[in-house]
Amino acid sequence: MTNLDGVFRREWGPAVAALARWSGDLTIAEDAVQEACAEALRSWPRDGVPDHPGGWLMTVARNRARDRLRRESVRPGKELAAVVDDIRARTDHCDPHPVRDDELRMMFTCAHPALDRQSQLALTLRLVSGLTVAEIARALLQADTAVGQRITRAKNKIRHANIPLRVPPVELLPQRTPHVLSCIYSVFTEGYWSTAGPSAIRDELCDEGIRLAGELCVLMPTELEAHALTALMLLHDARRLTRVDDAGALVSLEDQDRRRWDRGRITRGLDRLRQAQGSTGPYLPQAVIAALHATAPSWDQTDWRTICTAYDRLLQLTNSPVVRANRALAIGLRDGPDAGLAALEQVAHDPRLAHSSLVASVRADLLRRAGRPSEAVTWYRIALEAGGSEPGRAFLRRRIAECGG
């Protein structure tokens, strides 16, 4: 039997986005697709997965949406039928706007300035990417309940303010583009560094993030940060197959077989990086870091000095605690573990990392490299308590064993 969860993950975003465009209502679209998935769980194990599961889900979801419109309407049947026909006429005609992808259309809708930044991101990750509330909470370093409430409020605001489910005029695209880029990267990140579940990597999310970034580059070919983000993801993704071994266990970058890295993706990533030159946003220095890793002949020959310089530039742009923690590790690899530990202290107590294992993991790794295994074990165990995907937890347990814990 096909992995139904994988099918639902892959088809969720396109189905919700297309149905939202068809119906004009986010809640109706999401609820209808959920009902279609529930119906699939009942019928597919018995009848088999259809040849085109996305089309099957879309057909069932659209029927559920029509049923709901009929139930909730107090209009006579003929008038309701006319309304539904009008919706179809408005949404099935050829759209002159250059956007070709319903999910990008949805992303720009969710990027409406009437919504606050965190609500924009949470809503997009839920409606476009189908991430659960728990997955979104981990990605945003927030509590599950807070994220759930934020998503509900955002949908209500879109409905009550009559925010149109469409791409804004061309002159308004630049102010919403940073949100769309952030959402695309969050989709890829959740796939490449899965925060929960049995797998370290979720291929469908990696592929989806790269696909959406490519669509955005087509839509906005002069947007340098779109090219920088695409470069960043391609250069990371070139290593995807070597990040786990045959048993599904995580393999550190230091121990990966560089001969198996996807040279085609590295070349494409470097081409995108050249197209991004001149960008003043945060994705360019991140892409530079990824390029330095992708082109280093070996771990020992990695250019940590330039990597630290790129992290310094990134901090000027973002002041992110995650960046500070990763920069501390890079400093430790450039100047020695003690220097890295000193840099880590600058971010160790940042409340934004309270629900993250990042600081504990970096501290443990630096202590291990400093030849202080018993202290490293303590911090690996603290990182283990923070949860994460099962392969990630298994990796920490291996490190604990290596340090004699």
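The values are calculated or read from the model by the stated rules, or taken from the named source; none is laboratory data. All values derive from a computational prediction rather than experimental measurement. Methodologically, a virtual Cβ is constructed for each residue, glycine included, from the backbone with ideal geometry; neighbour enumeration extends over all protein chains shown. Remember, those area values only see protein heavy atoms, side chains included, never the ligands or the DNA or RNA. Shrake-Rupley method; radii C 1.70, N 1.55, O 1.52, S 1.80 Å.
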Using the heavy atoms of the protein chains and a 1.4 angstrom probe, tell me the accessible area per residue for the chain in square angstrom.
-> 46
Per residue, what volume in Å³ does the convex hull of the Cα atoms of the range 222-377 enclose?
-> 127
What net charge do the residues around L396 carry, taking every other residue with its C-beta under 13 Å from that of L396, with Lys and Arg at +1 and Asp and Glu at -1?
-> +3
Sum -39500 (n - 2.57) across every DSSP H segment of at least 4 residues in the chain, then divide by the residue count to get the 222 nm mean residue ellipticity, nearest 500.
-> -22000 deg cm²/dmol
Mind listing the long-range amide H neighbours of V244? Cut-off is under 5 Å, sequence gap 5 or more, other chains count too, H placed in the peptide plane at 1.01 Å from N.
-> V251
Listed residues V147, V170, V359, most fluctuating in the chain (Gaussian network, C-alpha, under 10 Å) = V170
Spatial separation of Cα centroids for the range 233-308 and the range 139-156, in angstrom = 33
Of all the Cα-Cα pairs you can form in the chain, what percent are over 28 Å apart?
-> 52
Using the Cα centre as the reference, give the magnitude of the dipole from point charges on the C-beta atoms of the chain (Lys, Arg: +1; Asp, Glu: -1; all else neutral), rounded to the nearest 20 debye.
-> 380
Computed over the chain: relative contact order in percent, which uses C-alpha pairs under 8 Å that are six or more apart = 12
Calculated diffusion of the range 260-319, Stokes-Einstein form, Kirkwood radius summed over Cα pairs, 37 °C and 0.692 mPa s, µm²/s = 269
Neighbour net charge for R363 - beta-carbon separation under 10 angstrom, K R +1, D E -1 | -2
For the range 338-404, what % of the accessible area comes from carbon and sulfur atoms, probe 1.4 Å?
-> 52
Calculated from backbone phi, Karplus (6.51, -1.76, 1.60) coupling profile of the range 333-339 in Hz, x at Gly/Pro = 7, 8, 10, x, x, 4, 5
Solvent accessible area, Å² - R352, 1.4 Å probe, full protein context | 120
Of Q301, A287, L315, whose Cα points farthest to the positive end of the dipole of the range 260-319 (charges on the beta-carbon: +1 Lys, Arg; -1 Asp, Glu; origin at the Cα centre)?
-> A287
Provide the three semi-axes, in whole Å and in decreasing order, of the ellipsoid equivalent to the range 338-404 as defined by the square roots of 5 times the Cα gyration tensor eigenvalues.
-> 18, 17, 7
9 Å beta-carbon shell around P285, net charge (K/R +1, D/E -1) | 0
Cα-Cα pairs of the range 1-59 separated by more than 12 Å (percent) = 63
